[in-house]
Amino acid sequence: MGVAPDPRFFETLGPLGVSDLAALSGGEVVRDTGTALRRVAPLASAGPDAFGFMSDRKYIETLGASRAGCVIIPAFAVDAAPAEAAVIVSRSPQAGWAAAALALHRPLALSTTHAAEAMEDASVTIETGVVVGQGARIGRGTRIGANSVIGPGVQIGQDCVIGPNVTVGFALIGDRVKLYAGVRIGEAGFGAAGGATGPVDVPQLGRVILQDGVTVGANTCIDRGAFDDTVIGENTKIDNLVMIAHNCVIGRNCLIAGHVGISGSVTVGDGVIFGGKAGIGDHIRIGEGARVAAGAGVLADIPAGETWSGYPAKPIRQFLRETVWVSRQTGRKGARGHE
């Protein structure tokens, strides 16, 4: 994604001044440069018209290198802020940034249906009860099932099959993609920040990209990115009732069985296979051609080509050796108990 929320899906409001942002975020202005802020952005990609935040010491270097026009940060980080940036100090920077995001960016509303203007030609089939948002585009030969909702700005390629009761928003979809009944594409990812009165929702300003040939099983959910994109690579096949969280990047030709849960910001290489009910922790990297056994709980990176199993997951040979050892120890204790 670019450096600002995609205008096909989000309306940008503002601009706002530094004092306006401080009032919204409940922070205190330490330095006001008179900058007009038009958008929010992560520190690494923020430009002079953007508002960024830092709440964790491990991002001190990123803060110092940022080109953001204004930053909201804890008091300990003031000296590390870029000299050109306006500075707001807050005890809960991410919650303050979230408040600013709500004031600067708003998802486009789904009003009346625009099905006729979205269709590329007469080969598109729109079944009963479908609602299509303004600016959406549907490619040749694509079928949209009954009662599905295609949000504003959504782009759908050629020869796709969208089942009944599907919702698609904030998404770019390639050719020959199949979304079975009840699929949810582009819902807000699970992002929350601690605020003065408890957790607050962090606006999710990214997109979902489904590349050519992807199949998504019934009632599966793929969340849009927090700011970057959630991406599913070409020809990846996803079973029913799978959860893929925001900012995940899944490679090509992957197979994901039912009830798999993949947490946010996971990166998966090409050709990876997930057994049913596997769970993946956030910010984990899984190498090309790896295998994740059914029911595994992955809490560490998996190198390319390896098979992991268990909870916490580990290389399968190690897991099997430990399982055999535990079984033998349990058997010995049971035998002694009957002596």
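Every number here is computed from the coordinates shown, using simple stated rules; none is lab data. Predicted model, so just to flag it, every value in this text is computed and none were measured. As a convention, Cβ positions derive from the backbone with ideal geometry for all residues, glycine included, and neighbour counts pool all protein chains shown.
Below are the figures for this structure:
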quantity: Relative contact order, percent, segment 1-122 [alpha-carbon distance under 8 Å, six or more residues apart]; calculated: 29 percent
quantity: Column: log10 I(q)/I(0), Debye, Cα scatterers of segment 227-339, q = 0.16, 0.21 Å⁻¹; calculated: -0.67, -1.04
quantity: Sequence ranges 209-218, 30-39, ranked by mean other-Cβ count within 10 angstrom, highest first; calculated: 209-218, 30-39
quantity: Sequence of 243, 54 once ranked by neighbouring C-beta atoms within 10 Å, starting from the fewest; calculated: 243, 54
quantity: Packing-based ranking, highest mean first, of 4-15, 90-101, 111-122 given that Cβ atoms within 10 Å are counted; calculated: 90-101, 4-15, 111-122
quantity: Largest-first principal axis extents of the Cα set of segment 127-179 (Å); calculated: 23, 19, 15
quantity: Which labelled figure in (1) 21.4; (2) 15.1; (3) 16.8 is mean projected area of the Cα convex hull in nm², once derived from the coordinates; calculated: (1)
quantity: Segment 92-116 and segment 156-186: distance between their alpha carbon centers, rounded to Å; calculated: 22 Å
